[in-house]
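Input: a single structure, listed below in structure tokens.
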Amino acid sequence: IRDRYQRRVRGDIFLPRMRHIYIASFLLLLALLVSTRTQVAQNRVLVLLEDLNLQHTHSIFFSQLKERGYQLNFFSADDPSLALTEYGEYLYDQLILFAPTIDEFGGLIDVPSILDFIDDGHNLLLVADIGVSDPIREIASECGVEFDEENTRVIDHLNFDIRDFDGYHDLVVIDPSTDKDQITQNKVVLPTAQKHGPILYKGITQSLEGSLNFPILTGSHSSYSANIKSSAEIPRTIGKETVLVSALQARNNARVVISGSLSLFSDRFFASNAQKYRKDSSTTPKASGNYQFALELSQWVFNERGVLKASNIRHYLAEEKVTPSVYTIKQDVTYEIELQEWNGNSWVPFVTDGLQLEVIMLDPYIRTSFKANTTGRYSVTFKLPDVYGVFTFKVLFEQVGYSSLEINDRIPVRPFRHNEYERFIPTAYPYYASCFSMLVGLFLFSVVYLFSK
Amino acid sequence: YQRRVRGCIAMKTQTFARIAFRLSSTKQEILLRIVVLTLIYIIAFSTRLFSVIRFESVIHEFDPYFNFRSTKYLVNEGFYNFINWFDSAAWYPLGRIVGGTIYPGLMLTAAAVYWIAHFFHVTLQIRNVCVLLAPFFASNTALITYLFAKEVSDSAGTGLVASAMIAIVPGYISRSVAGSYDNEGIAIFALILTFYLWVKSVKTGSLFYSTLCALAYFYMVSAWGGYVFIINLIPMHVLILLFTGRYSNRLYIAYCTLYVLGTILAMQISFVGFQAVQSAEHMLALGTFGLLQLFVGVNWIKKHIGAELFQSFFRIAASIGIGSFVTALAIGQATGYISPWTGRFWTLLDPTYAKEHIPIIASVSEHQPTTWSSFFFDLHLLVFLFPAGMYFCFRRLTDANIFAILYGITSVYFAGVMVRLMLVLAPISCVLSSIAVSETLDTYLKFVKGRKGKKVEEFPAQKEIGLVMVAGLTVLLVLYVFHCTWVTSEAYSSPSIVLAAKQPDGSRMIFDDFREAYWWLRQNTEPDARVMSWWDYGYQISAMANRTVLVDNNTWNNSHIALVGKAFASNEDTAYQIMRQLDVDYVLVIFGGLTGYASDDINKFLWMVRIGGSTDPNIKESDYFTPSGEFRVDSQGSSVLLNCLMYKLCYYRFGQVYTEKGRSSGYDRVRNTEIGNKDFELDYLDEAYTSQHWIVRIYKVRSPDNRG
């Protein structure tokens, strides 16, 4: 009935007239073109700057983005002509916020519109710094990140750069080659940055509140966050809790990277050397790894890596190779799925041995692994349990860095029909025998009783 | 012209009268009887049509909606798909095997009427067939009652009185008005038919009638769970006849045929299956069957061997027989082969059983004990005539009379335990009352007429006394007719799916919120959306909104209902966990605070707490009361109540509404109090739809926060 009903509705929309069909097919073609374009190239980037000078002080970062094919649209964050959408369509695919101390956004942009931008599946690179303003705090807070109080900064008296010897020790050095626990080892988010030079960081700290956030760069055991002007206060975050750069992958797979330092992306840090201060001068100056770190971070946040898609999802009866609208208990079912990963240019097969299928009705009845293969096509055959109900075939793939996949198929599983039970059971033969012997016996008895006089 | 027409009519009447006079007096009586029965047939049908005329041709209440939906399925998909129907839109995610958990008689009857009508190209709508099936069967019941009463009392006049009485008795009308498309509608017909054929077969000892009786019993089994009443009452009748020395071979033939054939047939209904030989409710019938064989066998042996030898033989045989029977029973009970007594049956024997043990049974209003007033309301004059009829039966005992007495006594008891079983009492009280009425009239009409041959009165003022008695009885019977019509019109003819209220100026106001909201669900939600509501509304949602429900009026899984009850009784956080686990998309609540509709979810709420608490000890009924033990929704109410999901969904935004003049905002017109928690927001749900008078409120469950 549902099908019939839907068909009728569809019929109402497409009136059976040739002219309408032409228009419809034209629109369909157009929609197809538009959709392929947006799917492959998400290259329209809005860059909101606190000060247009940042274009020049952070020119290396922006130019490498341009080289990768992004159209950068630079605006001052309080520009009155700003807008994220026009006629309900987004004008940009990605947003870079280099405006840590902005008090009010210009134009039609405000905090809720930026949050809607994320909730509609777009990505955000949010950069804060010492003296972060309320709107930026609010965005971060809505994304599960709390910045430390005003005018605080990360300080580390054991891991500062040698140039900061006489300063506040707030120019922190993280050396990926030795401080492995301070930088994420996830190869999807940062494939090579762990092998490059030390990372210079100067800025505010954050603490992660949400369940979907994960740290990318953290302070060392000896780092803490404090206001340099009133040192008597107890630091809000200490040791490894001082998160410096973090990421959020929302449930709709929108990505947000939040950094507490603007200078992390600056030309000055990209170009300079970094050397941890040690009393015994055991360290040597090395070229900073900031460039590689920022590059790989921007690749991840703009969906160039770790994006998965599932296609050719099918389940069918293992023998008949057809998908019924209702399964019957104890049937053998095959579930197929194909996974692909976006490598920046094209979709390539995604190979993993961590993919599982769950067959759930209130509780999981079956939990089975797909076998990994090189083509990215996964298939598993299983026997439905001897329980009827509406089962959910669930494939859930959640790994940090990768976009998460959740595919739910709700399929009713019915008990046997009255004529599907086994007809002749060996254990029933004694009963058959007793029935027929009774029949024959009664007949014989009747004959004997009636005719023997 | 008018004069000519009048003349024509007059001529026709004259011809009719002339034909009637030409007939012999027996033929006249038969003609009269047919005319009376035809009138009764028409009256029985038409008195049940109040609801159709006042509202529209619509299915009533809750259960009938399921019956209606499954009848449509049967008509569309055919018989085999129907008995194999697995309904995945109910009891999500468990599903329900409909074919194996219903009594299919009702749907098959309606479908048969539909198919027959369509075979003759009468294009009836299936809905109209369903709406009018109960009145149609009520008319048939009236006919069968005529036969039954005639068989019991051996007098056609008694039959006519009984038939006229049952045609309009409110206790039966309450379950058989047009639109009340429920099992009971046809089951009473089947019940009386079975009893009629039983009495007939006991009287005649005919294999033909007892086979027909078994078939009628089969129809009853296929129609209603109340068949258990028959399969216990008939063995009781047999036993009493046996113990009072009224045993005859007629009885043996009637009972053995009925039991063997009836049981085999009953087992064909998949919902009954092996219960017919295993469950405790059927053991009396089996035992009686065995006893009857034993009795006959012993008599046979006694005839062949002498009395002395027989005594010792009897002692040995009896001890072995009883011993093996008790052992078999004990083993059966211990291994669970003979299933334990089900809750509903215990409720019949012990009215307090359900309240203490099974909240889900006690929560249904029709399972409550009957009040005295409702006896009078549903039976009126019959309450007083019933014992009189019983007296007349005792005065002249026959096999058939004993059956009527037995039926009367047991059904009075059952009707006292459960309101719903008033339905079973109504027919027999009509029969017994009709015996009383016709015996009385017989006696006193003779006084009035005077006996033939005796001109002298037996005692002074005989004729006057006769006249007074006859007149008095006539007045009472007329009052009975008025009462029945008034009750039918006022109490039993509202569909409950559409509510009506009288406005101050006397005009009627219609609240059509239920259908409005269900239609909204049908039009505006995903086809596979899952709707959580209290189980009362499950059948209506699946039939009218065509959406998946979690629980419905077929309360087969207590723990699933308890989970829903727990969700409604918990705070929003806990409820959200449960709703996510059950894949709930929409939540539907019924709220009467704005209109004063009293049977809303807040008034039912304590049952949700009790049922929820029956599986989860964390839900305690006492938490929802004030320290002094009151259930109140105002500012004095317990904070657990004021923050639970049900409270929030019912009273969301209600705090800003002015309902009555001179009262502050948020004044609840059912509880007559100002609500205690007015300003709150919902964290996990969004209001999706609220019907015109706020009776139905629908909320959409939010998906988890995108950013964690």
Response to the item:
(1) among the charged types (D, E, K, R); (2) loosely packed, with under 10 Cβ neighbours inside 10 Å; (3) within 14 Å of another protein chain (Cβ to nearest Cβ) all hold for A:D409 apart from (2)
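Does the stretch A:292-308 contain any residue that is part of a strand (DSSP E or B) and within 30 Å of A:F382 (Cα to Cα)? Steps first, answer last, please.
Filtering the stretch A:292-308 down to residues part of a strand (DSSP E or B) leaves A:307-308.
Narrowing the set further to residues that are within 30 Å of A:F382 (Cα to Cα) leaves A:307-308.
Yes, the stretch A:292-308 contains a residue that is part of a strand (DSSP E or B) and within 30 Å of A:F382 (Cα to Cα).
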Worksheet entry | Residues within the stretch A:164-204 that are more than 30 Å from B:R707 (Cα to Cα), surrounded by 23 or more Cβ atoms within 10 Å (Cβ to Cβ) and either of a type in the set (K, R) or within 14 Å of chain B (Cβ to nearest Cβ) (or both), tallied | 0
Item to complete: Mind listing just one residue for me: the one in the stretch B:54-84 that is out of contact with any helix residue (DSSP H, G or I) (no Cβ under 6 Å at 6 or more places or on another chain) and in a loop (DSSP other than H, G, I, E, B) and, of those, nearest to the other protein chains (Cβ to nearest Cβ)?
Response: B:N84
Worksheet item: Which ones in the stretch B:574-603 are surrounded by 18 or more Cβ atoms within 10 Å (Cβ to Cβ) and on the phi > 0 side of the Ramachandran plot?
Response: B:D583
Item to complete: Could you check how many residues of the stretch A:94-125 are crowded, with 16+ Cβ neighbours inside 10 Å, touching a Leu at 6+ places or on another chain (Cβ under 9 Å) and within 27 Å of A:G401 (Cα to Cα)?
Response: 14
Worksheet, complete the sentence: Note on the stretch B:81-109: residues among the aliphatic types (A, V, I, L, M) and without any contact (Cβ under 8 Å) to a residue 40 or more places away in the chain are B:I97, B:V98
Worksheet item: Which is of a type in the set (A, V, I, L, M) and touching a residue at least 60 places away in the same chain (Cβ under 8 Å), of B:I253, B:I234, B:I188, B:I264?
Response: B:I188
Practice prompt. Kindly list, by first and then second residue, each pair from a residue in the stretch A:233-252 that is within 14 Å of another protein chain (Cβ to nearest Cβ) to a residue that is loosely packed, with under 15 Cβ neighbours inside 10 Å and among the hydroxyl-bearing types (S, T, Y), limited to pairs with Cβ atoms under 9 Å and residues at least 6 apart or on different chains.
Written response: A:R251/B:S703
Worksheet entry | Filtered residues of the stretch B:85-122 (kept if of a type in the set (G, A, S), part of a helix (DSSP H, G or I) and either surrounded by fewer than 19 Cβ atoms within 10 Å (Cβ to Cβ) or within 13 Å of another protein chain (Cβ to nearest Cβ) (or both)) | B:A112, B:A117
Response to the item:
Checked the stretch A:264-291 for anything in a loop (DSSP other than H, G, I, E, B) and among the aromatic types (F, W, Y); matches are A:Y277
Worksheet, complete the sentence: Across the stretch A:412-434, the tally of residues that are surrounded by fewer than 10 Cβ atoms within 10 Å (Cβ to Cβ) and either within 13 Å of chain B (Cβ to nearest Cβ) or within 22 Å of A:Y335 (Cα to Cα) (or both) stands at 2
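Say whether the condition of being exposed (fewer than 15 other Cβ atoms within 10 Å of the Cβ) and of a type outside the set (G, A, S) is met by at least one residue in the stretch B:275-290.
no
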Worksheet item: Can you name the residue in the stretch A:377-406 that is of a type in the set (F, W, Y) and more than 22 Å from A:V307 (Cβ to Cβ) and is also nearest to the other protein chains (Cβ to nearest Cβ) among such residues?
Response: A:Y388
Worksheet entry | Boolean, A:H196 is more than 18 Å from A:V301 (Cβ to Cβ) and either under 27 Å from the mean Cα position of the chain (by Cα) or small (G, A, S) (or both) | yes
Response to the item:
By residue number, the members of the stretch B:37-77 that are surrounded by fewer than 16 Cβ atoms within 10 Å (Cβ to Cβ) and among the β-branched types (V, I, T) are B:T38, B:I42, B:I53
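Going through the stretch A:257-295 one residue at a time, which ones are within 14 Å of chain B (Cβ to nearest Cβ) and farther than 20 Å from A:P191 by Cβ? Quick ask: steps written out before the conclusion?
The first filter runs over the stretch A:257-295 and keeps only residues within 14 Å of chain B (Cβ to nearest Cβ), leaving A:257-258.
If the condition is that a residue be within 14 Å of chain B (Cβ to nearest Cβ) and farther than 20 Å from A:P191 by Cβ, then A:I258 is the only one that fits.
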Discussion item. Restricting to the stretch B:238-293, count the residues that are more than 20 Å from B:G332 (Cβ to Cβ), part of a loop (DSSP other than H, G, I, E, B) and not aliphatic (A, V, I, L, M).
Written reply: 8
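Taking the residues in the stretch A:338-378 that are of a type in the set (A, V, I, L, M, F, W, C) and assigned to a loop (DSSP other than H, G, I, E, B) as candidates, determine which candidate is nearest to B:V584 (Cα to Cα).
Of the residues in the stretch A:338-378, the ones of a type in the set (A, V, I, L, M, F, W, C) are A:339, A:342, A:347-348, A:350-351, A:355, A:357, A:359-362, A:366, A:370, A:372.
Restricting the remaining residues to those that are assigned to a loop (DSSP other than H, G, I, E, B) gives A:350-351, A:355, A:362, A:370, A:372.
Numbers: A:F350: 33, A:V351: 34, A:L355: 27, A:L362: 12, A:F370: 29, A:A372: 34 Å.
Result: A:L362.
Table: residues versus (1) in contact with a Gly (Cβ under 6 Å, 6 or more places away or on another chain); (2) of a type in the set (K, R); (3) closer than 22 Å to B:I360 by Cβ.
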{"site": "B:Y597", "(1), (2), (3)": "no, no, no"}
{"site": "B:R610", "(1), (2), (3)": "no, yes, yes"}
{"site": "B:I619", "(1), (2), (3)": "yes, no, yes"}
{"site": "B:S622", "(1), (2), (3)": "no, no, yes"}
{"site": "B:N643", "(1), (2), (3)": "no, no, no"}
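State which residue is farthest from the chain's Cα centre (by Cα) when the search covers only the stretch B:659-702 and only residues that are of a type in the set (G, A, S) and modelled with pLDDT of 90 or more. Show your work before the answer.
Here is the first cut: in the stretch B:659-702, the ones of a type in the set (G, A, S) are B:662, B:664-666, B:676, B:688, B:691.
Going one step further and asking which of them are modelled with pLDDT of 90 or more, we end up with B:688, B:691.
On the way: B:A688: 36, B:S691: 31 Å.
Among them, the one singled out is B:A688.
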Item to complete: Give just the number: which of (1) at pLDDT below 95; (2) crowded, with 24+ Cβ neighbours inside 10 Å; (3) of a type outside the set (K, R) does B:V199 not satisfy?
Response: (1)
Discussion item. Checking B:L124 against (1) at pLDDT 90 or above; (2) closer than 30 Å to B:A491 by Cα; (3) out of contact with any helix residue (DSSP H, G or I) (no Cβ under 9 Å at 6 or more places or on another chain), only one condition comes out false. Which one?
Written reply: (3)
Discussion item. All but one of (1) within 14 Å of chain A (Cβ to nearest Cβ); (2) surrounded by 13 or more Cβ atoms within 10 Å (Cβ to Cβ) hold for B:S559; state the number of the condition that does not hold.
Written reply: (2)
Discussion item. With the condition being within 34 Å of the chain's Cα centre (by Cα), I'd like the helices (runs of 4 or more DSSP H) fully within the stretch B:560-658 carrying at least 2 qualifying residues.
Written reply: B:605-613, B:645-651
Discussion item. I'm told A:S261 meets every condition in (1) part of a loop (DSSP other than H, G, I, E, B); (2) surrounded by fewer than 21 Cβ atoms within 10 Å (Cβ to Cβ) except one. Can you identify the failing condition by its number?
Written reply: (2)
Worksheet item: When the stretch B:372-426 is examined, which residues are found to be under 22 Å from B:G472 (Cβ atoms) and out of contact with any helix residue (DSSP H, G or I) (no Cβ under 7 Å at 6 or more places or on another chain)?
Response: B:F384, B:P387, B:Y391, B:R395
Discussion item. Looking at the stretch B:670-696, I want the residues that are surrounded by 18 or more Cβ atoms within 10 Å (Cβ to Cβ) and have a partner that is in a loop (DSSP other than H, G, I, E, B) and among the acidic types (D, E) with Cβ atoms under 6 Å, at least 6 apart or on another chain. Which pairs are those?
Written reply: B:T673/B:D634; B:G676/B:D634
Worksheet entry | Residue list for the stretch A:205-227, filter: in a loop (DSSP other than H, G, I, E, B) and more than 14 Å from chain B (Cβ to nearest Cβ) | A:T205, A:G219, A:S220, A:H221, A:S222
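The values are calculated or read from the model by the stated rules, or taken from the named source; none is laboratory data. What you are looking at is a predicted structure, and each value in this text was computed from that prediction instead of being measured. Reconstructed Cβ throughout: ideal geometry from the backbone, glycine too, with neighbour counts over all protein chains shown.
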